[in-house]
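So the structure is just underneath, and the comments pick up after that.
Read-outs: derived from the displayed coordinates by stated rules, not from any lab. It should be emphasised that the depicted structure is a prediction, and the values quoted were computed from it without experimental measurement. Counting neighbours? That spans all protein chains shown, and the Cβs are built from the backbone with ideal geometry, glycine included.
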Amino acid sequence: MRFTGDYTAKTDSKGRVFLPAQMRKVLETANCNSLVLRVDLFQSCLVLYPLELWESMLDELKTKLNRWNGQHQQVLRQFLADADTIELDSNGRILINKRKLEFAHITSDVRFLAVDDHIEIWDKTTLEQVLEQSAGTLGKDIEDLMGGL
């Protein structure tokens, strides 16, 4: 399952937001009804994973963890504490809880950014600032990554 695009939307007063139609179509084609919403590990945004991808990632993480190691258990606990299983409502909306909205600094304007197999959900202004910081370096960054192959 692959997502493409960058879409804007608005949250309502209850924290509901329409998932862009193009992204819903990808989910429908893959017969994916359940998603996992989690705060990002590295940025002030939210990440929406198809359930199958989430389960695969969780399985991979668990292969690196020792159930009898307290630090490993804390890593797993923290990782799972910030994740919620969600489904689209009949109107194609998702509900984002207040704690996650606050984490991502989302008040109203949202950007859905397709990142291959998952979707990032950003406050519109925050994403614009993040993208502006790296503007003009993409070609060089890709050259550095791919040039040595």
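Amide H contacts of Gly92: none lie under 5 Å away among residues 5 or more positions distant or on a separate chain (H built 1.01 Å from N in the peptide plane; Pro and chain starts excluded).
Listed peptides 112-125, 47-60 appear in the order 112-125, 47-60 once ranked by packing, highest mean of other Cβ atoms within 10 Å at the front.
As a quick test, which of the pairs Lys25/Lys98; Lys100/Lys140; Lys62/Lys98; Lys98/Lys140; Lys25/Lys100; Lys25/Lys124 have an alpha carbon distance above 32 angstrom in this structure?
Values: Lys25/Lys98 27 Å; Lys100/Lys140 34 Å; Lys62/Lys98 29 Å; Lys98/Lys140 39 Å; Lys25/Lys100 25 Å; Lys25/Lys124 23 Å.
From the list (Lys25/Lys98; Lys100/Lys140; Lys62/Lys98; Lys98/Lys140; Lys25/Lys100; Lys25/Lys124), the Cα-Cα distance tops 32 Å for Lys100/Lys140; Lys98/Lys140.
The dipole here belongs to the range 6-146: it is taken about the Cα centre, uses +1 on the Cβ of Lys and Arg and -1 on the Cβ of Asp and Glu, and is about 600 debye.
The mean sequence distance of close C-alpha pairs (under 8 Å, at least 6 residues apart), as a share of the length of the chain, puts its relative contact order at 35 percent. Dividing the alpha-carbon radius of gyration of the chain by the rule-of-thumb value 2.2 N^0.38 Å gives 1.14. Applying Stokes-Einstein at 25 °C and 0.890 mPa s to the Kirkwood radius of the range 9-51, computed over alpha-carbon pairs, gives a translational diffusion coefficient of 207 µm² s⁻¹. In summary, the convex hull built on the alpha carbon positions of the range 89-149 has an orientation-averaged projected area of 6.1 nm².
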